[in-house]
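Trainee: Encoded as structure tokens, here's the structure I'll be asking about.
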Amino acid sequence: MHGDGRGITAGIAGFCTGTGDAWEMIKIYHQLSGGTDDFSPMDSILEKYANSNSDSQAGLEDYCKVFADLGKNDAKFRQAQDKIRDETYLAPSQKLADQVGLKLSISQGQMYDTGLMHGPGDDPDGLASIIKETSESFTSNQTGDSGSTLTINGNQVDEIVWLKKFLEVRSDHLTNPRDPENQGGNYWAQTLYRIESYQNAIDQKEYKWTSSVKLLDNDGGPITVTCSKSLRKHDTESTLDESSSSEDVTDMQTSKLNNLETIRGVNIGGVFLIEPFIKPSLFDQFLSMSEPDRPVDEWTFTSVLGKEEARRQLEEHWDTFITKEHLETLAEDGINWIRIPIGYWAFNLTKDEPFVDGQIPYVERILEWSRDVGLKVELDLHGAPGSQNGYDNSGRRGTPEWLLSRVNVDRTLDALTKMTQLAVDWDDVVYGIQILNEPSRWKWAVSDILEFYNEAYDLVHNMAPDTYFMIHDTFLSPNDWPSLVSSNWTNALMDTHIYQMFDDYMVTLNETTHIEMVKTMAENITKFDRSQFGVVVGEFSAATHDCTKYINGFGRGSRWDGSIEGIDRPHCPFESCSCTGDYGGNYTEFSDHYKRFLKRYVDAQLQIYDQEIAGWFYWNFRTESAPEWDYLLGVEQGWIPKFPRTALAKPKEINTDGIMEATEAMDISAAAASVVALAPIGMALALAFI
């Protein structure tokens with residue numbers, strides 16, 4: 001009980017009966033519990049105190065006991081707390097951190113801690129106000145040793161230098177609150193230990209929190225807190241022991257990757273990196289333009305439309321092309337994973353690039369839906385600055401320039417850092433990180449690609465060691481894959497993409513040969529999976545022709561009917577090669593024979609990908625007019641099989657002690673155990689001192 005006008009304070013984010021957030025959280029719990037629960041007899045009182053901002057505790061004599069019991073024993077109650085905490089404090093504070101450009105765990109954690117206590121808003125003592133006051137103090141460049149540089153008022157400022165100033169400004173707000181509502185008593189000044197713990201972490205150069213962080217407890221004594229990304233139940237004593245090392249604790253934890261079922265996945269392609277063949281209508285609007293001026297990829301799409309119109313069209317696309325109903329249907333059909341391709345510009349966009357950003361809230365909506373229906377997620381960096389392959393699926397068609405500049409590599413790693421942080425924040429949903437899609441071995445030396453892979457491994461493994469590190473084979477033969485991997489990697493998967501239609505020869509094969517080719521092409525893949533580390537076929541489809549509209553790129557024809565530039569005749573297994581009927585875009589015109597072939601071809605692939613390697617991701621979950629590439633349509637029409645459902649939605653298992661009272665010194669072991677159970681890595685410290 002604070003005694004500061006906020007009523008009873010309890011829970012993982014200090015929910016207060018006098019300010020309304022406790023009542024909002026309990027209303028969410030009512031919805032989850034079915035409407036009647038142990039809090040129900042107190043509803044009228046809680047609503048009254050919330051509406052009147054009353055700090056009265058009359059009528060709430062059982063509140064603390066109910067809160068503590070549910071906090072320990074009811075996952076739905078913990079889920080309700082998570083929702084309000086994330087919406088009210090975590091998401092707003094991290095949005096502000098992103099706006100400043102903060103990359104270090106310690107800085108992000110401090111934003112969260114400040115948001116929890118001060119509120120994330122721009123009131124006189126709020127997080128936004130403290131950030132503004134801090135940044136306004138920098139009028140020149142400031143160097144430091146953090147390895148992370150911010151741009152503040154046009155000046156280059158070391159991130160830890162900025163954070164030190166932030167702590168100084170926050171300390172002043174704690175001792176001299178600007179808002180009259182915070183000036184009563186001496187309650188805020190009594191929480192300066194929160195600042196001292198961060199200052200101690202800075203002194204110890206504990207900038208990046210991976211497995212553990214050195215802190216101070218509420219009495220100023222040193223303690224090492226071991227952090228786990230995973231939102232799993234932990235035993236308080238075994239998870240955090242002040243006398244044990246972080247290595248000891250890590251050994252006691254169970255990897256979330258243990259005993260996973262076969263990956264049965266689909267790609268959520270063409271959403272956050274548009275491709276003409278997936279949604280042709282986005283590009284058909286340019287058909288009236290002269291051919292040289294037409295957009296062919298997302299770079300030119302946004303360039304021609306301009307940022308304002310491009311953002312309008314893309315936001316509508318992001319909002320509508322995939323829905324929660326799609327994911328629910330996929331889960332019912334037996335899908336247990338999805339792969340989400342994202343372009344680098346969602347994380348690292350410069351002013352001179354035509355791309356638009358803003359994708360991440362929509363990505364997080366998919367992550368939330370995936371949590372709800374029980375799907376695991378792979379985040380896939382699908383495009384790199386300069387283009388890693390020159391294909392439209394990288395965001396920019398043409399000559400690739402990715403490895404021609406160290407700046408491009410650094411920007412790729414920065415995007416990967418932010419994508420990995422997204423994985424950390426959604427650790428119970430994201431199980432895989434693909435560091436880059438299809439870098440081209442025809443353009444870049446394999447040794448240079450491996451150098452990037454090693455840099456990326458260090459980055460991802462340090463931030464998310466309990467998540468699959470996934471690399472693409474660069475289109476090398478499986479016999480050459482050992483040149484792309486390092487023997488010290490752990491939790492690594494090789495991603496290979498297998499198609500039988502992007503080749504002049506393969507499109508001439510008959511149906512029987514296509515099916516025989518499945519086994520031939522997979523033979524060395526299965527050997528590598530058993531002898532090295534796991535393999536997933538990250539892309540494949542039911543297509544054996546290239547008649548699909550725009551499949552070779554906007555404005556390009558097909559090998560099948562001879563309309564693509566560079567060939568002098570059609571390439572197909574028949575005397576007459578026409579992109580109509582079985583080979584057109586209208587599945588209602590497919591013959592029964594062709595549909596039977598599609599089923600046999602898909603079954604032949606899945607017999608290997610589903611049983612002999614780690615798993616698969618079909619390309620794509622849906623399309624506008626490409627039937628052989630549309631998983632949902634294929635299942636509906638019967639040429640793709642259903643599997644038993646294994647994607648089972650489960651509430652997050654979180655261990656919390658329920659009640660935290662600010663006037664009492666918390667037992668640090670219990671507080672730190674809540675850190676381990678509740679906090680993403682970069683946010684850990686905040687919860688230890690509520």
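The values are calculated or read from the model by the stated rules, or taken from the named source; none is laboratory data. Everything numeric here is computed off the predicted structure, so don't read it as measured data. Note that we place each Cβ from the backbone using ideal geometry, even for glycine, and neighbour counts take in every protein chain shown. Note: areas computed on protein heavy atoms with side chains; ligands, DNA, RNA excluded. Shrake-Rupley method; radii C 1.70, N 1.55, O 1.52, S 1.80 Å.
Trainee: Hey, can you tell me all the residues within the stretch 98-117 that are open to solvent by 10 Å² or more (accessible area, probe 1.4 Å) and either closer than 24 Å to ALA346 by Cβ or modelled with pLDDT of 85 or more (or both)? Full working, then the answer.
Mentor: At the first step, the residues of the stretch 98-117 found to be open to solvent by 10 Å² or more (accessible area, probe 1.4 Å) are 98-101, 103, 105, 108, 116-117.
The answer is ASP98, GLN99, VAL100, GLY101, LYS103, SER105, GLN108.
Trainee: Against the conditions (1) touching a Pro at 6+ places or on another chain (Cβ under 9 Å); (2) part of a helix (DSSP H, G or I); (3) not small (Gly, Ala, Ser), where does HIS382 fall short? Just the number, please.
Mentor: Failing condition for HIS382: (2).
Trainee: Here is a further query. Any residue at all in the stretch 436-456 that's at pLDDT 95 or above, of a type outside the set (Val, Ile, Thr) and in a strand (DSSP E or B)?
Mentor: no
Trainee: Something else now. Pick out the one residue from LEU314, LEU413, LEU379 that is under 21 Å from TYR550 (Cβ atoms), of a type in the set (A, V, I, L, M, F, W, C) and open to solvent by less than 40 Å² (accessible area, probe 1.4 Å). Break it down into steps so the answer makes sense when it comes.
Mentor: Details: LEU413 fails: under 21 Å from TYR550 (Cβ atoms); LEU379 fails: under 21 Å from TYR550 (Cβ atoms).
Being under 21 Å from TYR550 (Cβ atoms), of a type in the set (A, V, I, L, M, F, W, C) and open to solvent by less than 40 Å² (accessible area, probe 1.4 Å) holds for just one of LEU314, LEU413, LEU379, which is LEU314.
Trainee: Now, a different point. Does the stretch 463-473 hold any residues that are assigned to a loop (DSSP other than H, G, I, E, B) and of a type outside the set (S, T, N, Q), and which are they?
Mentor: Kept after step one, since they are assigned to a loop (DSSP other than H, G, I, E, B), are these residues of the stretch 463-473: 464-467, 473.
Answer for the stretch 463-473, where residues must be assigned to a loop (DSSP other than H, G, I, E, B) and of a type outside the set (S, T, N, Q): ALA464, PRO465, ASP466, ASP473.
Trainee: While we're here: Could you tell me whether any residue of the stretch 61-68 is open to solvent by 40 Å² or more (accessible area, probe 1.4 Å) and touching a strand residue (DSSP E or B) at 6+ places or on another chain (Cβ under 9 Å)?
Mentor: So in the stretch 61-68, the residues open to solvent by 40 Å² or more (accessible area, probe 1.4 Å) come out as 61-62, 65.
Imposing the further condition that a residue be touching a strand residue (DSSP E or B) at 6+ places or on another chain (Cβ under 9 Å) reduces the set to none.
Within the stretch 61-68, not a single residue is open to solvent by 40 Å² or more (accessible area, probe 1.4 Å) and touching a strand residue (DSSP E or B) at 6+ places or on another chain (Cβ under 9 Å).
Trainee: Between residues in the stretch 151-165 that are hydrophobic (A, V, I, L, M, F, W, C) and residues that are at pLDDT below 90 and crowded, with 17+ Cβ neighbours inside 10 Å, which pairs lie under 6 Å by C-beta distance while being six or more apart or on different chains?
Mentor: From the stretch 151-165, the pairs are ILE160/SER146.
Trainee: Let me ask you something else. So if I check each of MET517, MET501, which one is assigned to a helix (DSSP H, G or I), out of contact with any Phe, Trp or Tyr (no Cβ under 6 Å at 6 or more places or on another chain), surrounded by 14 or more Cβ atoms within 10 Å (Cβ to Cβ) and modelled with pLDDT of 90 or more? So that I can check it myself, show each step before the final result.
Mentor: Working: MET501 fails: assigned to a helix (DSSP H, G or I).
Only one candidate passes the filter, namely MET517.
Trainee: Hey, can you tell me all the residues within the stretch 138-184 that are over 22 Å from GLY119 (Cα atoms), open to solvent by 30 Å² or more (accessible area, probe 1.4 Å) and in a loop (DSSP other than H, G, I, E, B)?
Mentor: Correct list: THR139, SER140, ASN141, THR143, GLY144, ASP145, GLY147, ASN153, GLY154.
Trainee: Just the residues that are under 28 Å from SER255 (Cβ atoms), touching a residue at least 24 places away in the same chain (Cβ under 8 Å) and open to solvent by 60 Å² or more (accessible area, probe 1.4 Å), please, taken from the stretch 462-498.
Mentor: Matches in the stretch 462-498: ASN462, PRO482, THR490.
Trainee: Give the residues of the stretch 609-623 that are at pLDDT 95 or above and touching a helix residue (DSSP H, G or I) at 6+ places or on another chain (Cβ under 6 Å), sorted by residue number.
Mentor: TRP616, TYR618, ASN620, PHE621, ARG622, THR623
For (1) under 23 Å from TYR29 (Cα atoms); (2) touching a Leu at 6+ places or on another chain (Cβ under 8 Å); (3) open to solvent by 30 Å² or more (accessible area, probe 1.4 Å), each residue gets a yes or a no:
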site: ALA75; (1), (2), (3): yes, no, no
site: LEU96; (1), (2), (3): no, yes, yes
site: ASP122; (1), (2), (3): no, no, yes
site: ILE131; (1), (2), (3): no, yes, no
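Trainee: Quick check: anything in the stretch 331-345 small (Gly, Ala, Ser), more than 18 Å from GLU624 (Cα to Cα), open to solvent by less than 10 Å² (accessible area, probe 1.4 Å) and not in a helix (DSSP H, G or I)?
Mentor: yes
Trainee: Note down all Cβ pairs under 8 Å where the first residue falls in the stretch 57-84 and is on the phi > 0 side of the Ramachandran plot, the second is modelled with pLDDT of 80 or more and open to solvent by less than 20 Å² (accessible area, probe 1.4 Å), and they're at least six residues apart or on different chains.
Mentor: The qualifying pairs are GLY59/MET42.
Trainee: Could you please find all residues in the stretch 100-126 being of a type in the set (S, T, N, Q) and either under 15 Å from ILE195 (Cα atoms) or in contact with a His (Cβ under 7 Å, 6 or more places away or on another chain) (or both)?
Mentor: Taking the stretch 100-126 first, the residues of a type in the set (S, T, N, Q) are 105, 107-108, 110, 114.
Answer for the stretch 100-126, where residues must be of a type in the set (S, T, N, Q) and either under 15 Å from ILE195 (Cα atoms) or in contact with a His (Cβ under 7 Å, 6 or more places away or on another chain) (or both): SER107, GLN108, GLN110, THR114.
Trainee: How about the stretch 322-340: which of its residues are in contact with an Asp or Glu (Cβ under 9 Å, 6 or more places away or on another chain) and free of Cβ contacts under 8 Å to residues at least 60 places away in the same chain?
Mentor: LYS324, LEU327, GLU328, listed by residue number.
Trainee: Considering the stretch 346-367 alone, what residues qualify as being in contact (Cβ under 8 Å) with a residue 24 or more places away in the chain, in a helix (DSSP H, G or I) and either open to solvent by 30 Å² or more (accessible area, probe 1.4 Å) or not small (Gly, Ala, Ser) (or both)?
Mentor: ILE360, TYR362, VAL363, GLU364, ILE366, LEU367
Trainee: Output yes when any residue across the stretch 26-48 is in contact with a strand residue (DSSP E or B) (Cβ under 7 Å, 6 or more places away or on another chain) and either within 19 Å of ILE84 (Cβ to Cβ) or open to solvent by less than 80 Å² (accessible area, probe 1.4 Å) (or both), and no when none is.
Mentor: Looking only at the stretch 26-48, we keep the residues that are in contact with a strand residue (DSSP E or B) (Cβ under 7 Å, 6 or more places away or on another chain), and these are none.
No, the stretch 26-48 has no match at all.
Trainee: Please pick out the residue among VAL507, VAL460 that is among the hydrophobic types (A, V, I, L, M, F, W, C), part of a helix (DSSP H, G or I) and in contact with a strand residue (DSSP E or B) (Cβ under 6 Å, 6 or more places away or on another chain). Show your work before the answer.
Mentor: Working: VAL507 fails: in contact with a strand residue (DSSP E or B) (Cβ under 6 Å, 6 or more places away or on another chain).
Of the residues listed, the single one that is among the hydrophobic types (A, V, I, L, M, F, W, C), part of a helix (DSSP H, G or I) and in contact with a strand residue (DSSP E or B) (Cβ under 6 Å, 6 or more places away or on another chain) is VAL460.
Trainee: Mind listing just one residue for me: the one in the stretch 287-298 that is without any contact (Cβ under 8 Å) to a residue 60 or more places away in the chain and not acidic (Asp, Glu) and, of those, nearest to ALA384 (Cα to Cα)? Working first, answer last.
Mentor: Residues of the stretch 287-298 without any contact (Cβ under 8 Å) to a residue 60 or more places away in the chain: 287-290, 292-293.
With the extra rule that they be not acidic (Asp, Glu), the set shrinks to 287-290, 292.
Values: LEU287: 28, SER288: 30, MET289: 28, SER290: 29, PRO292: 24 Å.
For the stretch 287-298, the residue satisfying everything is PRO292.
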